[in-house]
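Written below as structure tokens is the structure these notes are about.
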Amino acid sequence: MAVFYVVLGTVFGFILSRSGAADYNYIQGMFLFEEFQLYGIIGTAVVLTAPGIWLLKRYGKTVTGRPLVIERKAGHRGNVYGGILFGVGWSITGMCPGPVLVNVGEGKVYALAALAGVLVGAAVFGCSYRVLARPFRLPPLAVGT
């Protein structure tokens, strides 16, 4: 099964690369409202994915036949601050976590700095979660999430 996921990830990375969704200039152009290609890619992804999610929810089973459980997550101010931080990082680096790996795979050396930032940021957040939980009203962190 692991081979399937590696192949699926490789295909996804190839699509991100070829579509321009991992290209720094396209991403910067999107945030500056100079390039609209990525808005089309994001819109197409929503239009293609929404019917599949609707069907999965309607019939309550995954493709393999297992029961589907989709928990509704509670909103809290950490979502807002996290979204802002994510957007700022995406705008500055021109990459979000998926395209970081695509750019590393394409041999773009500057992507290694973004990858290091992703890993360090995740580690710092994980280590400081208990301290941040109260002021940001974050939910308790369950082991394995």
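For F14, indicate whether it is in a helix (DSSP H, G or I) and either β-branched (V, I, T) or open to solvent by 60 Å² or more (accessible area, probe 1.4 Å) (or both). Yes, satisfied.
Residue count for segment 79-92, restricted to those that are of a type in the set (S, T, Y) and open to solvent by less than 50 Å² (accessible area, probe 1.4 Å): 1.
In segment 39-54 there is no residue that is modelled with pLDDT of 90 or more, outside any helix (DSSP H, G or I) and out of contact with any helix residue (DSSP H, G or I) (no Cβ under 7 Å at 6 or more places or on another chain). Within segment 17-38, being closer than 11 Å to P99 by Cβ, part of a helix (DSSP H, G or I), in contact (Cβ under 8 Å) with a residue 24 or more places away in the chain and not β-branched (V, I, T) holds for S17, Y24.
Tell me yes or no: at least one residue of segment 101-119 is among the hydrophobic types (A, V, I, L, M, F, W, C) and either at pLDDT below 85 or not in a helix (DSSP H, G or I) (or both). There is at least one residue in segment 101-119 that is among the hydrophobic types (A, V, I, L, M, F, W, C) and either at pLDDT below 85 or not in a helix (DSSP H, G or I) (or both).
Taken as a whole, segment 63-78 holds at least one residue that is modelled with pLDDT of 80 or more, part of a helix (DSSP H, G or I) and surrounded by 10 or more Cβ atoms within 10 Å (Cβ to Cβ).
The values are calculated or read from the model by the stated rules, or taken from the named source; none is laboratory data. Keep in mind the model is a prediction, meaning the values are calculated, not measured. With ideal geometry, Cβ positions are generated from the backbone for all residues, glycine too; neighbour counts draw on all protein chains shown. For accessibility, only protein heavy atoms count, side chains too; no ligands or nucleic acids. Shrake-Rupley method; radii C 1.70, N 1.55, O 1.52, S 1.80 Å.
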